[in-house]
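The values are calculated or read from the model by the stated rules, or taken from the named source; none is laboratory data. Everything numeric here is computed off the predicted structure, so don't read it as measured data. As a convention, Cβ positions derive from the backbone with ideal geometry for all residues, glycine included, and neighbour counts pool all protein chains shown.
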């Protein structure tokens with residue numbers, strides 16, 4: 001797969017038509033980052049610890065470099081906030097910006113599992129407008145543009161054709177809720193939320209694959225009622241919303257991105273059916 005071609009550089013603020021023109025080259029860029037991750041030998045790689053105790057590997061950094069270089073070429077006038085560069089990045093309010101997690105689910109990656117992702121979102125006026133979630137080891141990319149729909153693409157050497165996806169209606173009598181839950185990060189409030197839905201089935205998953213399963217109608221909800229970072233959530237937010245779902249805070253309110261220096265999401269719930277929120 002070659003390097004993405006340069007589309008017209010969009011101004012800020014960005015609208016849906018400009019975002020739509022960026023979708024294909026951004027998808028290629030995320031796929032290239034995924035290839036770089038897969039090229040790393042997990043049995044021999046170095047694993048370091050961040051100040052928050054989370055791991056970082058050479059795969060995280062390789063993916064980050066590819067995405068940073070690509071975004072500079074594709075849309076250099078739009079700021080980028082990446083998990084791996086947040087310490088030296090922006091600390092004030094951002095309106096239109098790319099929000100990147102170069103390797104979401106590093107713990108899954110280090111453990112040898114396949115549920116890790118590359119997440120890229122385009123945020124406009126505090127709300128994710130475009131989201132791409134790639135699971136390189138699964139050979140899948142999910143992407144969505146709010147108001148324009150969501151798609152799943154297979155990667156088999158090259159990026160395959162797009163298949164439309166949608167969330168599903170909330171469960172009726174006789175079908176239990178399927179709740180996507182983290183394999184590596186559990187919390188009591190999220191467990192209590194799921195327990196309030198009698199008979200709910202937990203689908204243990206890693207990384208932003210949980211958002212993808214909600215977006216494609218394989219799960220009904222994904223609650224995370226404990227703090228996480230904006231780069232963990234933004235791409236999934238756009239994907240689920242574009243697929244017909246909704247993301248809220250713990251009280252049912254809207255989530256805002258880029259409003260402060262800590263870039264923390266205190267809690268969220270991804271709903272496949274907005275009527276259930």
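Within the stretch 235-251, being over 18 Å from residue 151 (Cβ atoms) and not in a loop (DSSP other than H, G, I, E, B) holds for 246, 247, 248. Taking the listed residues 63, 125, 134, the one that is within 27 Å of residue 248 (Cβ to Cβ), in contact with a helix residue (DSSP H, G or I) (Cβ under 8 Å, 6 or more places away or on another chain) and not assigned by TED's automatic domain parsing to the domain that holds residue 231 is 134, with no other qualifying.
Taking the listed residues 51, 91, the one that is modelled with pLDDT under 95, in a loop (DSSP other than H, G, I, E, B), under 23 Å from residue 184 (Cβ atoms) and out of contact with any helix residue (DSSP H, G or I) (no Cβ under 8 Å at 6 or more places or on another chain) is 51, with no other qualifying. If you check residue 182 against the conditions, is it out of contact with any strand residue (DSSP E or B) (no Cβ under 6 Å at 6 or more places or on another chain) and more than 26 Å from residue 55 (Cα to Cα)? No, not satisfied.
Hey, any hits in the stretch 3-14 for a residue that's over 18 Å from the mean Cα position of the chain (by Cα), at pLDDT 75 or above and over 24 Å from residue 156 (Cα atoms)? Scanning the stretch 3-14 turns up at least one residue that is over 18 Å from the mean Cα position of the chain (by Cα), at pLDDT 75 or above and over 24 Å from residue 156 (Cα atoms). Out of 194, 264, one residue alone is at pLDDT 95 or above and either in the same structural domain as residue 152 (by TED's automatic domain parsing) or more than 16 Å from residue 132 (Cβ to Cβ) (or both). It is 194.
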